[in-house]
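Peer 1: Questions regarding the structure given below will be posed in turn.
Quick note: the coordinates plus some simple rules give every number you see, no bench work behind them. Model, not experiment: these values are computed from the prediction. No Cβ is skipped: glycine too gets one built from the backbone with ideal geometry, and neighbour counts run over all protein chains shown.
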């Protein structure tokens, strides 16, 4: 289904510029290397503008934002747009505080995002910011399940149409949607929520997959979501054979991403098109 | 001895807001998840004020402080006080530089701490800041041992009476004291000092344990100290069965915290009341 | 060849102050502990000035620099010079952006570095900043190989003469040079480039080795480079016996540094003097 996508990442080594939070930044850098990409972190306004121009993609993650980094995100995002680089937004905690919500809105207004990835709460906040989903709150509950799947797919497609961005909603069931097509992905494992950074890592993975496959953006995004979820499953299979706990699981997760090949990915996909 | 305390953490999933140093922040987040809590990091002044209001506890760790984060710590600490959230101070390096010492004093003056956790040098600096321990320097040497245990217990109880905070002094022997009661804890392993962040992780663990057991603050704090020490022992037992070094030990330590259950904790306690 | 150097680190426990990037800072701290040293991170201008005075060495790593930390680096570097502490520069990304290049030049102008460690591109940028290597670009290509080894050794020796710093160029082949003597080191493994932070970790290791062996600076620097490379080999040997990927490799690398003894180091050296 995703022929060539993973191997393109390994062959092209996309350079991904991340303005990201300091909690999970090391995992993000290591996941980019593990998948075949290469990370650069730079958040000083002047430095970030130049660094992004030598990169192939940009990640804006608002996890531990502050005044200084918000300004950098806005300027760097616009520059990446000018350069036609894919730009991926991770609106960590949007909806949980005014600063995060307003920064998300500001970013959405000034930067064109190729992909927006978050959990359902964050993505609902994004929807409010675009004014495209008045009233949707009543329809979409806080975790995507089979019960609300149809509504959530419809919500994601509309949001994609409204924003022009691919929408990736992750949780027990993951959705990757554009205006007229959505992937429903059931890869992943509950242990992934017992370590910090799986969301941040996935956002960076999406940027690398997208940058290496610019002609197939929706598939590249879906492939990255599947790759992360499948790696989470493989990590769990390895964990149960050991004495390990959550920290071993983190190691095994990044290990699995580094060892994942196209055949394993294709064989492990749990995905449908809606 | 600590019936229900550990399980309360796992059942209530306390949300712990940390303004903490960037050296060990990832370990702190992962330990909070491992113990059954949930971490949020936010250090922008405006963001931190709002984030703390949706949390159950606050950690202020001065490990890599700067002007911007000091202001956030002061305001957020006061807000958490207004909300009656437990607030735990980790005065990393207090006594080693003027900025750290003065920031500790400022925090002690403006914020009411539920627990203050540090090594003996840091806690002695705290004592100076409260003006409660004139002359104590001569009595308390730099590591708690059986030789100076009686004096150090007395010092810790007096400091607790003076500050209104539970005092946790960690080292080869750990003390957890309030004005009229102290726990002496002999859990732990020397390997814990060969990795960075065990102190920072423990401070966060205390916040989670306290937040989930607000009616038993002293026991919750002591249980967290025992849980970390026992996990350090279990990690060492696992390490010697492998080729591992210090980095494996870090992994095993967090693994042990994630796998610790109430029965193992009760069975492994090395604690006495003074 | 390096008798006593490793054991001096373990016996003297040099305290290394790092103003370093937030991507790899945790690994840097853990590597310093693993080798027998002790880390302190402080980047606030006022705090850093005081902290450096209680330390034995200073690392300036420009990986995620910003206006605030640049000012701290300049002042702290000068203070460390006054105190005759070894100061090691890691010009991460020098040449990739104006801010990084100009900051490198400013640091080189105002601070006397004991050692400068970088990849060949970064070191070539350093050379431009010192004005010592006009035209050298044509001679030195981007990775040190046997084909360009003679020219690169000559380049490194000249740069050392011009700067008064030991020059450490790392890559598939590592060079450690002073004006009239260079070590060519073939320890290491390609997997080291599949995780983030091996360069940053090595820079810190050099600072610890240098601080514990001030009377043998060139040998101490070369020994640190060999220790890191050999640990990379040992980590790989361990990796192939497991299911592990890149994250396990990171763990095994730091493990190997923590377990390395003088005999293993001497027996594993792949080094020649030129």
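Peer 1: Starting from the exponent 0.38 and prefactor 2.2 Å, build the expected Rg for the stretch C:1-104 from its residue count and divide its actual Cα Rg by it.
Peer 2: Working: Rg = 14.0 Å, N = 104, 2.2 N^0.38 = 12.8 Å.
So the stretch C:1-104 has a normalised radius of gyration of 1.09.
Peer 1: Further question: In nm to one decimal, list the spacings between the residue B:181 label point and its equivalents in the other copies, with label points set 7 Å along Cα to Cβ, shortest first.
Peer 2: So the label point of residue B:181 gives 6.6, 6.6 nm to the other copies.
Peer 1: Okay, moving on. Given the options A:81, A:119, A:66, state which has the largest fluctuation in a GNM of chain A using a 10 Å cut-off (strictly under) for Cα springs.
Peer 2: With Cα springs under 10 Å in chain A, the top fluctuation among A:81, A:119, A:66 is at A:66.
Peer 1: Continuing with this model, one more query. With no solvent and one equal point scatterer per Cα, compute the Debye intensity ratio I(q)/I(0) for the protein assembly as shown at 0.08, 0.09 Å⁻¹ and report its log10, rounded to two decimals.
Peer 2: -0.66, -0.85
Peer 1: What percent of all Cα-Cα pairs in the stretch C:41-93 falls into each 5 Å bin, going from 0 up to the bin containing the maximum distance?
Peer 2: For the stretch C:41-93, the pair-distance distribution reads 4, 23, 35, 26, 10, 2.
Peer 1: Would you kindly state how much longer the chain becomes between residue A:193 and residue A:147 on full extension, computed as 0.36 nm times their sequence separation minus their alpha carbon distance, in nm to one decimal?
Peer 2: 14.4 nm
Peer 1: Let me ask something else about it. List the relative contact order of the stretch C:5-273 as a percent without decimals, with contacts defined as Cα pairs under 8 Å and 6+ residues apart.
Peer 2: Once divided by the residue count of the stretch C:5-273, the mean separation gives 20 percent.
Peer 1: Dimensions of the stretch C:123-274 along principal axes (Cα, Å, largest first)?
Peer 2: 49, 33, 24
Peer 1: On to the next question. Hey, fewest Cβ within 10 Å first, where do C:201, A:192, C:1 land in order?
Peer 2: By the 10 Å Cβ count, ascending, the order reads C:1, A:192, C:201.
Peer 1: For residue A:161, go 7 angstrom from Cα along the Cα-to-Cβ vector, then report the distances to that same point in the other copies in nm, smallest first.
Peer 2: Once sorted, the set of distances for residue A:161 reads 7.3, 7.3 nm.
Peer 1: Here's something else I'd like to know. Of C:31, C:16, C:144, which is the most mobile in a GNM of chain C whose springs link Cα atoms less than 10 angstrom apart?
Peer 2: Comparing C:31, C:16, C:144 in a Gaussian network model of chain C, the most mobile one is C:144.
Peer 1: Can you sort A:122, C:266 so the residue with the fewest Cβ neighbours within 10 Å comes first? It would help to have the intermediate numbers written out before the result.
Peer 2: On the way: A:122 26, C:266 15.
The order, fewest Cβ neighbours first, is C:266, A:122.
Peer 1: Let me ask you something else. Just order C:169-175, B:161-167, A:178-184 by mean Cβ neighbour count inside 10 Å, highest at the front, would you?
Peer 2: Numbers: C:169-175: 22.0, B:161-167: 20.1, A:178-184: 18.1.
Going from most to least packed, we get C:169-175, B:161-167, A:178-184.
Peer 1: Something else about it: List the distances, in nm and shortest first, from the label point of residue B:54 to the matching label points in every other copy, placing each point 7 Å from Cα along the Cα-to-Cβ direction.
Peer 2: 3.8, 3.8
Peer 1: Can you show me the helix-derived [θ] at 222 nm for chain C, built from DSSP H runs with n ≥ 4 at -39,500 (n - 2.57) apiece and divided by the number of residues, rounded to the nearest 500. Provide the component values of the computation, followed by the final result.
Peer 2: Details: 11 runs with 142 residues, N = 274.
So the calculated ellipticity at 222 nm is -16500 deg cm²/dmol.
Peer 1: Grab every C-alpha pair in the stretch A:1-62, bin the distances at 5 angstrom width from 0 up to the longest one, and report whole percents.
Peer 2: 4, 19, 26, 23, 16, 8, 3, 1, 0
Peer 1: Which percent, nearest 5, of DSSP beta bridges in chain B are antiparallel?
Peer 2: 35 percent
Peer 1: Given a cut-off of 31 Å, what percent of all Cα-Cα pairs of chain B lie beyond it?
Peer 2: Of all Cα-Cα pairs in chain B, 19 percent lie more than 31 Å apart.
Peer 1: In a solvent-free Debye calculation with one equal scatterer on each Cα, what is log10 I(q)/I(0) for the stretch C:43-138 at q = 0.21 Å⁻¹, listed in the order of the q values?
Peer 2: Here the Debye-derived log intensity ratios amount to -1.00.
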